[in-house]
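Some notes on the structure that comes next.
Nothing in this text is a laboratory measurement; each read-out follows from the coordinates by a stated rule. Keep in mind the model is a prediction, meaning the values are calculated, not measured. Cβ coordinates were reconstructed from backbone atoms using ideal geometry, including for glycine residues, and neighbour counts include every protein chain displayed.
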Amino acid sequence: SGYANDITVMGTRLYFEAWDGSSGYELWAHETTNGSTWQVADIWSGSSYGYANDITAMGTRLYFEARDGSSGYELYMMEIEHSITYG
């Protein structure tokens, strides 16, 4: 079973903290136009928990707090690139 928390919206994507049962709580995304879901980042690699908390979208950036195993919780920023395909 899974778990999702701290959901924020950027364009047609939902970004959230989730647990898939193997990689711990990490940052995930869901594209609403095609239903695909994927892990965006494995902040604390392995089965430990990175905890992508308090996710906020601003422009093309996501801001959130997380931990990587070598220090406590820190502020992270991730630039999100969007691509458009015309058919």
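Here the contact order of the chain, divided by its residue count and restricted to Cα pairs under 8 Å and six or more residues apart, works out to 20 percent.
About its Cα centre, the dipole of the chain is roughly 160 debye, where the only charges are +1 on Lys and Arg Cβ and -1 on Asp and Glu Cβ. A protection proxy built from the mean count of other Cβ atoms within 10 Å ranks the segments 64-75, 25-36, 10-21, most packed first, as 10-21, 25-36, 64-75. Could you point to the residue in 18, 35, 80 farthest towards the positive end of the chain's charge dipole, with +1 and -1 charges on the Cβ of Lys/Arg and Asp/Glu respectively? Of the candidates, 35 comes out farthest on the positive side.
In terms of its Cα atoms, the chain spans 44, 29, 18 Å along the principal axes, sorted from long to short.
According to a simple spin-label model (label point 7 Å from Cα along Cα-to-Cβ), what is the distance in nm between residue 45 and residue 7? Label at residue 7, label at residue 45, 3.2 nm between them.
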